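Colleague: What follows is a single structure, and I will ask about it in a moment.
The values are calculated or read from the model by the stated rules, or taken from the named source; none is laboratory data. These numbers were taken from a predicted model, which means no experiment stands behind them. Backbone-built Cβ (ideal geometry, glycine too); neighbour counts: all protein chains shown. The accessibility values were calculated without ligands, DNA or RNA, using every heavy atom of the protein model including side chains. Shrake-Rupley method; radii C 1.70, N 1.55, O 1.52, S 1.80 Å.
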Amino acid sequence: MKEVFVKKYWEEEDVLFYLHFQDNKAVRQLEMTPTSKLKITLNSPINGESILYDQTLDELDLQESDFITEEDFNKIWNEYIQYLIILNY
């Protein structure tokens, strides 16, 4: 199984996305805006108005700098989980 981790900022939406792909398909996603943070997974692919990225990895316009390590992704993911625990979600 090929795993790829991406950190991508979309200026037009002012959203920072963290995406985890397995075999070219998104399986985990964090969306961060100045006012919110959203976690989206295969088990829960919809969160409010946001959905898990449903295109292939190849369809993203990525630069080399957009790729991050699994460790970097998991650090942000786990920080978000701690954020939810603090908020009692």
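Colleague: Considering only protein heavy atoms and a 1.4 Å probe, what is the carbon-and-sulfur percentage of the accessible area of the chain? Before the final figure, lay out the partial values.
Modeller: On the way: 2950 of 6140 Å².
Of all accessible area on the chain, carbon and sulfur atoms account for 48 percent.
Colleague: Filter the trypsin sites (Lys or Arg not before Pro) in segment 1-85 down to the DSSP loop ones having no more than 10 other Cβ atoms within 10 Å, then list what survives.
Modeller: Values: sites: LYS2, LYS7, LYS8, LYS25, ARG28, LYS37, LYS39, LYS75; in loops: LYS2.
Of the trypsin sites (Lys or Arg not before Pro), the ones in loops of segment 1-85 whose Cβ has at most 10 other Cβ atoms within 10 Å are LYS2.
Colleague: Let me ask another. Do any GluC sites (Glu not before Pro) in the chain lie in a DSSP loop with no more than 13 other beta carbon atoms within 10 Å, and if so, which?
Modeller: On the way: sites: GLU3, GLU11, GLU12, GLU13, GLU31, GLU49, GLU59, GLU64, GLU70, GLU71, GLU79; in loops: GLU11, GLU12, GLU13, GLU49.
Answer in residue order: GLU11, GLU12, GLU13, GLU49.
Colleague: Can you sort MET32, MET1 by 1.4 Å-probe accessible area, starting with the largest?
Modeller: MET1, MET32
Colleague: At q = 0.10 Å⁻¹, what base-10 log of I(q)/I(0) does the Debye formula yield for the chain when every alpha carbon is treated as an equal point scatterer in vacuo?
Modeller: -0.24
Colleague: When the chain is fully extended, how far beyond the present Cα-Cα distance does ASN43 get from THR56, taking 0.36 nm per residue of separation?
Modeller: On the way: separation 13, 0.36 × 13 = 4.68 nm, distance 1.80 nm.
My answer for the length gained is 2.9 nm.
Colleague: Suppose every K and R has +1 on its Cβ and every D and E has -1 on its Cβ; what is the size of the dipole of the chain about the Cα centre, in Debye to the nearest 20?
Modeller: Numbers: 8 positive and 18 negative charges, 103 e Å.
Dipole size: approximately 500 debye.
Colleague: Find the accessible area per residue for the chain; the probe is 1.4 Å, ligands and nucleic acids are left out, and the unit is Å². Please report the intermediate quantities before stating the final value.
Modeller: Values: 6140 Å² over 89 residues.
Dividing the accessible area of the chain by its residue count gives 69 Å².
Colleague: Still on this structure: For helix 70-86, report the angle its Cα long axis makes with the longest principal axis of the Cα atoms of the chain; keep it between 0 and 90° and round to the nearest 10°.
Modeller: Once rounded, one gets 20 degrees.
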